[in-house]
Amino acid sequence: MQLLKSCHLPAELQPIAEKILHGQRLTPEEGLLLFEKGKINWLGALANYVREQKHGDDTFFNRNVHIEPTNVCVYSCKFCSYSRLYKHREEGWELSLDDMLNIVKRYDGQPITEVHIVGGVHPKLDFYFFKELLQRIKAHRPEIHIKAFTAVELYYMFKKARLTYEEGLQQLKEAGLDSIPGGGAEIFAPEIREQICADKVDADNWLRIHETAHRLGIPSNATMLYGHIESYAHRIDHMERLRRLQDQTGGFNCFIPLKFRNKNNDMSHVPESSVIEDIKMYAVARLYLDNFPHLKAYWPMLGRDLAQMMLSFGVDDLDGTIDDSTKIYSMAGAEEQHPAMTTEEITALIRKAHRTPVERNSLYEVVRRFDEPAVIRND
Ligand code: V47
Ligand code: SF4
């Protein structure tokens, strides 16, 4: 506390620190001030205080694998490096139900707890195809948690099948859908959406799909694509909308800021954010989203070094072991060209940040704690 006060602070930031230390909610204006005037050491100390109030040193990861059914997509998001339009589908991939089931079968006998399914919006792969996919995965491995389909994919498949969000989600839940990933949120403000992803689901419908899911007992995550053409005010507006929905439903598990990567896409002229901006983003997210239990640094996108550093700036979750099963970020130029970590590697990475590794399942229930004192080598 004294240490925080001794930081050389602009006068208007002092009351914000007091509020955070007393567990009080920040206003949008205060959130904006944090971005504009907060130094990273001070923001980091506060974000770390909040993180430790919520989770102590516990740092969560899971053992998971991704399935990306296709990169063929009806949309043309300017930041996307991996999708191909249907007319160029020969340059992309399209997995059959058998292909995808075979991916799951490759992990028979291995202790993964989650399959994360996300891909492009293919005009010919419909609701019934994906419903069968869920049923077949569950028939093969009933205990596995299926986190699948962003609100972008769900919006398109429900519309084509003429189903309401409620009908579609209920049917997918019965088929085996356990939770929804956070993708497709990008930046909610329409003036930015129009420029970077004009044709896909808008903010209100993204939020409605998640609200309906939460009402039906399907938890979800939320993302924000940051560090491109948006302003700090757009980021606060995005987080404000999420915070309001979370107040109503409590259905979000975690928030995941996604750093814009600029290789091989139509926004390659936009520079990537600096590490200082990345730190600010994570710390402010931890301080602003007081009702989100977890803040995730998704290491395949940030790179493992930066993700590890974020454990000192509010982050308590690193996602999973992945096993080289996602291409979204490697195709956008991320450092991790074949993202895969063994349990030993991910726990060592957490320990070297002086935190306690905790393997979780997709609902953040503890699978295994790694409390043994760390033997930290200098490598
Ligand atoms: O919505 C696409 C992002 C998202 C780029 O819920 C890019 O646990 C940066 O949402 N630079 C999909 N980001 C992935 C996603 C996700 C990932 C990990 C965990 C979870 C979870 C969700 O990927 C898209 C978009 O925002 N994305 N291209 C890019 N060039
Ligand atoms: Fe399609 Fe998703 Fe890429 Fe947009 S980000 S073009 S919706 S795959």
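The values are calculated or read from the model by the stated rules, or taken from the named source; none is laboratory data. Being a predicted model, the structure only gives us computed values, none of them experimental. Please note: Cβ atoms are built from the backbone with ideal geometry, for glycine as well, and neighbour counts cover all protein chains shown.
Quick look at the numbers
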{"quantity": "The one condition in (1) crowded, with 22+ Cβ neighbours inside 10 Å; (2) out of contact with any helix residue (DSSP H, G or I) (no Cβ under 7 Å at 6 or more places or on another chain); (3) of a type in the set (Asp, Glu) that Asp290 fails to fulfil", "calculated": "(1)"}
{"quantity": "Test for His228: is it touching a Phe, Trp or Tyr at 6+ places or on another chain (Cβ under 6 Å) and more than 16 Å from ligand 2 (Cβ to nearest atom)", "calculated": "no"}
{"quantity": "Checking Asn48 against (1) in contact (Cβ under 8 Å) with a residue 12 or more places away in the chain; (2) over 21 Å from the mean Cα position of the chain (by Cα); (3) part of a helix (DSSP H, G or I), the condition it does not meet", "calculated": "(2)"}
{"quantity": "Residue tally, condition assigned to a loop (DSSP other than H, G, I, E, B), touching a residue at least 40 places away in the same chain (Cβ under 8 Å) and within 16 Å of ligand 2 (Cβ to nearest atom), over region 259-291", "calculated": "9"}
{"quantity": "Members of region 132-156 that are more than 16 Å from ligand 1 (Cβ to nearest atom) and not in a loop (DSSP other than H, G, I, E, B)", "calculated": "Glu132, Leu133, Leu134, Gln135, Arg136, Ile137, Lys138, Ala139, His140"}
{"quantity": "Residue satisfying all of: in region 151-164; closer than 14 Å to Leu125 by Cβ and surrounded by 17 or more Cβ atoms within 10 Å (Cβ to Cβ); nearest to ligand 2 (Cβ to nearest atom) among these", "calculated": "Val152"}
{"quantity": "Residue that is nearest to Arg141 (Cα to Cα) [pool: residues in region 168-190 that are charged (D, E, K, R) and away from ligand 2 (no atom under 15 Å from the Cβ)]", "calculated": "Asp178"}
{"quantity": "Residues (of a type in the set (Ser, Thr, Tyr), outside any strand (DSSP E or B) and at pLDDT 90 or above) located in region 327-379", "calculated": "Thr343, Thr347, Ser362, Tyr364"}
{"quantity": "Residues satisfying the stated conditions in region 240-295, i.e. within 12 Å of ligand 1 (Cβ to nearest atom) and among the aromatic types (Phe, Trp, Tyr)", "calculated": "Phe252, Phe255, Phe260"}
{"quantity": "Selection count where residues are without any contact (Cβ under 8 Å) to a residue 60 or more places away in the chain, out of contact with any Gly (no Cβ under 7 Å at 6 or more places or on another chain) and under 23 Å from Ile112 (Cα atoms), scope region 293-342", "calculated": "18"}
